[in-house]
1. Across segment 47-78, what is the total count of residues that are touching a residue at least 60 places away in the same chain (Cβ under 8 Å), part of a helix (DSSP H, G or I) and closer than 22 Å to Met153 by Cα?
2. Please go through segment 92-108 and give me each residue that is assigned to a helix (DSSP H, G or I) and either buried (at least 24 other Cβ atoms within 10 Å of the Cβ) or more than 9 Å from the ligand (Cβ to nearest atom) (or both), ordered by number.
3. How do the strands (runs of 3 or more DSSP E) wholly within segment 134-188 filter down when requiring 2 or more residues that are among the acidic types (Asp, Glu): which remain?
4. Of the residues Ala339, Ala251, Ala275, Ala266, which single one is surrounded by 20 or more Cβ atoms within 10 Å (Cβ to Cβ) and more than 23 Å from Thr194 (Cα to Cα)?
5. Of these, Asn82, Asn146, Asn43, which one is polar (S, T, N, Q), touching a strand residue (DSSP E or B) at 6+ places or on another chain (Cβ under 8 Å) and surrounded by fewer than 16 Cβ atoms within 10 Å (Cβ to Cβ)?
6. Check Lys290 against each of (1) out of contact with any Asp or Glu (no Cβ under 7 Å at 6 or more places or on another chain); (2) more than 21 Å from Gly257 (Cβ to Cβ); (3) touching a residue at least 12 places away in the same chain (Cβ under 8 Å) and name the one condition it does not meet.
7. Only one of (1) surrounded by 14 or more Cβ atoms within 10 Å (Cβ to Cβ); (2) closer than 24 Å to Glu215 by Cα; (3) away from the ligand (no atom under 15 Å from the Cβ) fails for Leu88. Which number is that?
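Any read-out appearing in this document is the output of simple, stated calculations on the displayed coordinates, not a laboratory observation. What you see is a predicted model, and the numbers here were worked out from it, not measured in a lab. As a convention, Cβ positions derive from the backbone with ideal geometry for all residues, glycine included, and neighbour counts pool all protein chains shown.
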Amino acid sequence: MLLHVDLPQSPYDIVIEHGSLLRVGQWVKSLWKPQKIVIITDNHVGRLYAEKVKLSLEDSGFEVAVFDFLEGEARKNLTTVNKAYEFLTKTGMTRSDGIVALGGGVVGDLAGFVASTYMRGIHFLQVPTSLTAQVDSSIGGKTGVNTPYAKNMVGTFTQPDGVLIDPDTLQTLGKRELIEGMGEVIKYGLINDTELWDELKRMDGSIDSILEHAESIIYRSCNVKRKVVVEDELDNGVRLYLNFGHTIGHAIEATAGYGQVMHGEAVAIGMVQMARVAEKKGLMPQGMTKSICTMCEKFGLPISYDPWDIEILYTALTHDKKARGKTIKTVIVPELGRAAIHQIPLEEMKEYLER
Ligand SMILES: NC(=O)c1ccc[n+]([C@@H]2O[C@H](COP(=O)([O-])OP(=O)(O)OC[C@H]3O[C@@H](n4cnc5c(N)ncnc54)[C@H](O)[C@@H]3O)[C@@H](O)[C@H]2O)c1
């Protein structure tokens, strides 16, 4: 399966195919001439897949080295970036060489940032291995790392030369990580794709059903993200639709302590809460909250979170929004498969936190 991200300055393809990781060398050869490649990965993914990818690339005529760092959000920072720069320098990487990001969203965001800044930018490819990375972070060109001040505070908009997705890699992903990725998949169905929603309805919610349907749900999810990114590459307009459930979700993540509630779990809770209040206000169709709850629960995602303290959540939610003014742009789903922006006074956000 193939999707084209038709950006005027930097178009690229997304290839989604079972077993494609073993053919990564051929794929890269179709995009790049023979050169040096550094695979950037983390220790989990590196242990499982780096050697296979390295061999496949070498078979296709590339000179390959592997840089890995300890897995996890805590290592997505400028210290790791500096170590990567040092490795690239020692490996003799020039502007005509390239980076392959092999891993989840942490690896993709960090490797993309390194590639977009090393020697003012070298080429890179995304080979995402977690569901979150396959349906979300590997597409769209947002790269970045965390600082002590904020998550994803330093970054760039830089598109990869291509994205290769092998759904088979999901077989080694942890159960909670796999389920978490479904939060974003459900969101894509709600905001833009009724056929994806119907497919999700037909699935029984088990891990096996996710793996069986992986190729198709990844394709449909990437297609939604691709369309939105092409319309609004730099995140000034419709890309906000992708934030359905995220405003409240981010507040939950922040107050629970990062890592306690996973991102996709917080998004599920955020979508349910947003829908509940928007439905009461007549902004979303009757019964939609129940459908979202049923869907999330079927896949094992949480739909609520305790302790639910409106004041604490509101403070977290408005923390960085105050500087931008007295209103906030929320995302609602006025009908299944269609999102809309609903701008409200910041203070009204408290009503959206009521249970
Ligand atoms: N750039 C964007 O547009 C965007 C969008 C969404 C999320 N993100 C970022 O993505 C990150 C979250 O991504 P994530 O959930 O993939 O986290 P992650 O990269 O930390 O991966 C989660 C865990 O799964 C492991 N893993 C990944 N693939 C595996 C596989 N196939 N088999 C076994 N283990 C595997 C990783 O080593 C890690 O331990 C966050 O930093 C977030 O900010 C970025």
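1. Of the residues in segment 47-78, 2 are touching a residue at least 60 places away in the same chain (Cβ under 8 Å), part of a helix (DSSP H, G or I) and closer than 22 Å to Met153 by Cα.
2. Hits for segment 92-108 are Val106, Val107, Gly108.
3. The strands (runs of 3 or more DSSP E) meeting that bar number zero.
4. Ala251
5. Asn43
6. (3)
7. (2)
So that you can scan it fast, the table gives a plain yes or no per residue for (1) buried (at least 16 other Cβ atoms within 10 Å of the Cβ); (2) more than 24 Å from Arg226 (Cα to Cα):
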site: Gly25; (1), (2): yes, yes
site: Ser30; (1), (2): no, no
site: Leu55; (1), (2): no, yes
site: Glu58; (1), (2): no, yes
